[in-house]
1. Compute the Kirkwood hydrodynamic radius of the chain, taking the inverse of the mean of 1/r over all pairs of distinct Cα atoms, and give it in Å to one decimal.
2. Quick check: the angle from helix 67-95's long axis to the longest principal axis of the chain, C-alpha only, nearest 10 degrees?
3. Rounding to the nearest 10 and keeping the result within 0 to 90°, find how far the Cα-based axis of helix 37-62 lies from the longest principal axis of the chain.
4. Please rank ASP78, ASP89, ASP101, fewest neighbouring Cβ atoms within 10 Å first, as an exposure proxy.
5. Could you compute the net charge surrounding LEU71? Neighbours are other residues with a C-beta less than 13 Å from the C-beta of LEU71; K and R count +1, D and E count -1.
6. On C-alpha positions alone, give me the angle between the axis of helix 107-133 and the longest principal axis of the chain, in degrees, nearest 10.
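Read-outs: derived from the displayed coordinates by stated rules, not from any lab. Just so you know, these numbers come straight off a predicted model, no measurement behind them. Glycine also receives a Cβ, built like all others from the backbone with ideal geometry; neighbour counts cover every protein chain displayed.
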Amino acid sequence: MTATWSTAMQATLHCLTGCAIGEVLGMVIGTALGLHNAATVVISIVLAFAFGYALTMRGVLRAGVSLRSALKVALAADTVSIAVMEIVDNFVIVAIPGAMDAGLTQALFWLSLAGSLVVAFALTTPVNKWMISHGKGHAAVHHYHH
């Protein structure tokens, strides 16, 4: 598979979609329940992985692959990408003063979350490009796309 920047960006955008769903949901749940920042980050990370894997598995299952095989493909395709994205995303949001303590109705909460995802996308794209060029990551799922 050719590792173009476009391919890497598409793979990262796919990863970002699942991560963003999980991340936003986790941050909203943690903030709404008044959980400690660490608990909120853990919930966000768990949900980001869950949604990231689920989105990949959905496409692979549509290609007629068994559930067990689809899970293996999702793990191979997304684990490194999601991990890098989550490390960067959570580092950025925790580093922004007041972001984790901002309420759901405050612009600081939403702008910090959106900004952290943009930074995560920018830093994860080169990782995905490298992985794809070495037959790893998104390359593992590419032949299931029609």
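1. Working: mean 1/r = 0.0647 Å⁻¹.
Taking the inverse mean of 1/r over all distinct Cα pairs, the chain comes out at 15.4 Å.
2. 30 degrees
3. Rounded to the nearest ten degrees, it is 30.
4. Details: ASP78 26, ASP89 29, ASP101 11.
Taking fewest neighbouring Cβ atoms as first place, the list is ASP101, ASP78, ASP89.
5. Working: positive: ARG58, ARG68, LYS72; negative: ASP78.
It works out to a net charge of +2.
6. Once rounded, the angle reads 20 degrees.
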